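Input: a single structure, listed below in structure tokens.
The values are calculated or read from the model by the stated rules, or taken from the named source; none is laboratory data. On a predicted model such as this, the values are computed, not experimentally measured, just so you know. As a convention, Cβ positions derive from the backbone with ideal geometry for all residues, glycine included, and neighbour counts pool all protein chains shown. Remember, those area values only see protein heavy atoms, side chains included, never the ligands or the DNA or RNA. Shrake-Rupley method; radii C 1.70, N 1.55, O 1.52, S 1.80 Å.
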Amino acid sequence: MVKLAHILAVTGLAVGGIFLAVMLFAFVFIKAWKPFGGKASKADRKNYAERAANFDGKKFHNEQDYATLSMEKNPLPDPKTFSKNEPRPDFEFPVKQPDFLSSPSDRAPLEELNITWFGHSSLMLQMHGMNILFDPVFSEMISPVSFAGSRRFSHPPVTVEQLPEIDLLILTHDHYDHLDYNVIKDIDGKVERYIVPLGVENHLERWGVKADKITNMAWWEEISVNGLTIASTPSQHFSGRHLTDNMMTLWCSYVLKDEFHQVFESGDSGFNSHFERIHEKYGDFDYVFIECGQYDMQWPKVHMFPEQSVQAAKILGAKLVQPMHWGAIILSRHGWDDPVERFLLAAENEGLTVLTPYIGQTVHPERPAFYQERWWRREMLSLLR
């Protein structure tokens with residue numbers, strides 16, 4: 001009996017030692033691994049509390065009832081799912097060459113609005129004579145490490161080296177599918193100014209970006225850059241890049257407006273009344289980018305289902321709408337074409353004009369009919385021939 005007790009004690013000590021070693025390794029790894037980003041100082045947190053009503057001194061919160069995960073059952077296949085395809089397509093998505101690669105000028109005229117979508121939520125606006133890059137993610141693997149994670153469906157249509165000079169790089173939040181450490185390292189020399197939600201500046205500064213290049217924003221704050229108004233507006237989501245920093249940085253949507261156009265970029269968001277309040281303040285939008293993918297019954301308030309995305313676009317008074325957050329990576333279990341097909345069906349019922357450009361194709365919104373080809377359907381048919 002004594003021998004058994006001794007064995008159990010030794011085993012317990014060994015297991016405890018292994019556990020402590022694992023915890024120590026995890027702590028050191030989080031501290032040392034740069035892609036995890038930085039953290040706010042005490043002075044930072046005091047500043048956030050003064051500017052953001054949804055900051056409690058440590059974490060940010062959504063305005064209304066919210067839970068990241070739900071205990072609702074999610075049968076497979078989901079009976080609400082439109083597509084019967086697998087989450088990953090069995091072909092590589094085609095990509096186009098953006099106009100700016102062959103343009104004699106790096107920037108479009110002041111009154112023009114040109115849009116290039118790079119897949120998922122990465123896109124570039126040429127607006128108010130400036131190049132404005134949102135959430136650039138060009139790595140093949142969406143992860144803090146290069147050997148694991150969600151791999152892209154296709155190669156990005158451009159490299160960082162091929163991008164023109166960037167006047168504004170805008171980030172919606174710090175998740176890996178929106179904030180790419182490798183891109184920030186490589187692109188910083190081309191970027192004049194960063195616009196980020198509160199707290200995200202600490203990631204960039206740890207990665208070598210100079211603090212005077214970064215403007216952080218709370219919800220409903222506005223700034224003007226060369227006559228272009230940029231407003232940080234609410235979304236319903238969360239943030240974090242490792243196990244212990246959940247909701248310690250803010251997440252945003254954005255309004256961009258000048259005397260010629262008004263654009264809305266949703267970031268990631270569940271459906272809630274913030275869309276109504278954004279419309280009450282800013283009115284109808286000429287162009288709306290709205291997330292419509294990576295939804296699941298187990299996180300129904302984190303991402304919108306396509307029908308909700310259409311409803312949000314309608315509330316925002318969208319003259320033209322482009323679904324995003326699809327067509328690049330797997331973060332959920334729905335069919336790869338489920339987001340866009342369900343979005344199109346719901347949008348048709350609401351009379352919305354939906355643009356679905358190729359990845360990399362530059363959109364000129366004054367000619368919407370040129371960007372309504374449902375190109376993925378043709379790709380699927382070509383496989384059946």
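Things worth noting here:
- Diffusion constant of the chain at 25 °C, which comes from Stokes-Einstein with the Kirkwood Cα-pair radius and 0.890 mPa s, µm²/s: 112
- Exposure rule at most 16 other beta-carbon atoms within 10 Å, DSSP loop GluC sites (Glu not before Pro): the chain longest free segment: 260-365
- Helix screen, the chain: DSSP H segments with Cα axial length of 30 Å or more and mean Kyte-Doolittle hydropathy at least 1.0 are 2-32.
- For segment 292-362: rounded, prolate or oblate by the Cα gyration tensor [a/c cutoff 1.5]: oblate
- Computed over the chain: relative contact order in percent, which uses C-alpha pairs under 8 Å that are six or more apart: 19
- Mean residue ellipticity (222 nm) of the chain, computed from DSSP H runs ≥ 4 via -39,500 (n - 2.57), nearest 500: -7500 deg cm²/dmol
- Whole-Hz Karplus values for segment 227-234 come out as x, 9, 8, 10, 10, 8, 10, x Hz, taken residue by residue from phi with 6.51 cos²θ - 1.76 cosθ + 1.60 and θ = phi - 60°; glycine and proline positions read x.
- Choice from 101, 168, 256 showing the highest fluctuation, given a GNM over the chain with Cα pairs closer than 10 Å: 101
- Only the Cβ atoms of Lys and Arg (+1) and of Asp and Glu (-1) were treated as charged; on that basis the dipole of segment 259-371 about its Cα centre amounts to roughly 100 debye.
- In the full protein context, the chain carries 45 Å² of accessible surface per residue, based on a 1.4 Å probe and ignoring ligands, DNA and RNA.
- Share, in percent, of DSSP beta bridges within the chain that are antiparallel, nearest 5: 55
- Dipole magnitude of segment 152-248 about its Cα centre (Cβ charges: Lys, Arg +1; Asp, Glu -1), debye to nearest 20: 160
- Classification of segment 187-302 by its C-alpha gyration tensor yields an oblate form. The axis ratio a/c (a ≥ b ≥ c) is 1.5 or more, and b/c is at least a/b.
- For segment 216-255, the C-alpha radius of gyration sits at 1.39 times the compact-globule guess of 2.2 N^0.38 Å, with N the residue count.
- Cross-link pairs exceeding 21 Å between alpha carbons, from the set 59/190; 34/185; 59/257; 185/213: 59/190; 59/257.
- Taking the accessible area of segment 273-383, probe 1.4 Å, and keeping the other protein chains in place, the carbon and sulfur fraction comes to 50%.
- Relative to the current alpha-carbon distance between residue 242 and residue 148, full extension at 0.36 nm per residue lengthens the span by 32.4 nm.
- Alpha carbon centroid spacing (whole Å) that separates segment 317-384 from segment 243-316: 17
- Converting phi to 3J(HN,Hα) with the Karplus coefficients 6.51, -1.76 and 1.60 and the offset θ = phi - 60°, segment 62-71 yields 7, 6, 10, 3, 8, 9, 5, 10, 10, 8 Hz in sequence order, with x at every glycine or proline.
- Projected area averaged over orientations for segment 244-385, convex hull of C-alpha atoms, nm²: 10.4
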